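The values are calculated or read from the model by the stated rules, or taken from the named source; none is laboratory data. Here the structure is a predicted model, which means the values were calculated and not measured. A quick note on method: Cβ atoms are made from the backbone with ideal geometry, for glycine too, and the neighbour counts reach across all protein chains shown. Remember, those area values only see protein heavy atoms, side chains included, never the ligands or the DNA or RNA. Shrake-Rupley method; radii C 1.70, N 1.55, O 1.52, S 1.80 Å.
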Amino acid sequence: MPRMSAEERRESVIRAATAEFSRGGYHGTSTEAIARRVGVSQPYLFRLFPGKKAIFLAAVERCMEDTIRTFEEASEGLQGEEALHAMANAYTGVIAERPERLMMQMQMYVAVASAEQEGDRELGESVRAGWMRLWETVRRALGADVNETTVFLAYGMLINCLVAMGFPAEHRVWEGLYPSARLKGRLEK
């Protein structure tokens, strides 16, 4: 079996970190758990990343970029309402199939608040920059309509919260969402 390159190993660390941080958050996840999941030693992990915060920031960046790519690919060649429904459908598909991505998002928002309470603004700056790239991606797809962009992202955050709290797809709280944003038939409990 060929050995992995350092870049391939970095990728495996980011995937493992996403899975671990999505469950335990920043403070509740050890670098030991990440190293174990990847199958490397902690010292090797720290040759790839200077510390836990750097690993978390890499997982945050990947999570945001994956979400942006999901919206870009779904809305390619579409505008306005067609783009809106395509992005909503693609996003609900991703969170149904890859719940760790949703939970990573929730963990990174909590981590920002926690870090800033401790006087550390680096994580918040990174997350806010990623959020603005996401916002611009959605805004462009919706024909530069700021109000529709706000509503779309507000629905997305509501979906995140409902899924994170464990509301089943058949629950009445989903009825107010546009059909492409509903999880009915996607989540299996």
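Can you name the residue in region 113-128 that is open to solvent by less than 50 Å² (accessible area, probe 1.4 Å) and under 14 Å from the mean Cα position of the chain (by Cα) and, of all such residues, is nearest to Ala54 (Cα to Cα)? Checked region 113-128; the qualifying residue nearest to Ala54 (Cα to Cα) is Ser126. Scanning region 31-58 for residues that are surrounded by 18 or more Cβ atoms within 10 Å (Cβ to Cβ) and of a type in the set (Phe, Trp, Tyr) gives Phe49, Phe56.
Within region 6-30, the set of residues being buried (at least 18 other Cβ atoms within 10 Å of the Cβ), of a type in the set (Gly, Ala, Ser) and free of Cβ contacts under 8 Å to residues at least 24 places away in the same chain comprises just one member, Ala16.
Just checking, does region 16-28 include any residue being under 23 Å from Leu153 (Cα atoms) and charged (D, E, K, R)? No: zero hits. The set of residues in region 141-160 that are open to solvent by 40 Å² or more (accessible area, probe 1.4 Å), in contact (Cβ under 8 Å) with a residue 40 or more places away in the chain and not in a loop (DSSP other than H, G, I, E, B) comprises Glu148, Tyr155. Within the option set Ala90, Ala115, being out of contact with any strand residue (DSSP E or B) (no Cβ under 6 Å at 6 or more places or on another chain), assigned to a helix (DSSP H, G or I) and under 30 Å from His27 (Cβ atoms) holds for one residue only, Ala115.
Among the candidates Glu81, Glu170, which residue alone is open to solvent by 40 Å² or more (accessible area, probe 1.4 Å) and in a helix (DSSP H, G or I)?
The unique qualifying residue is Glu81.
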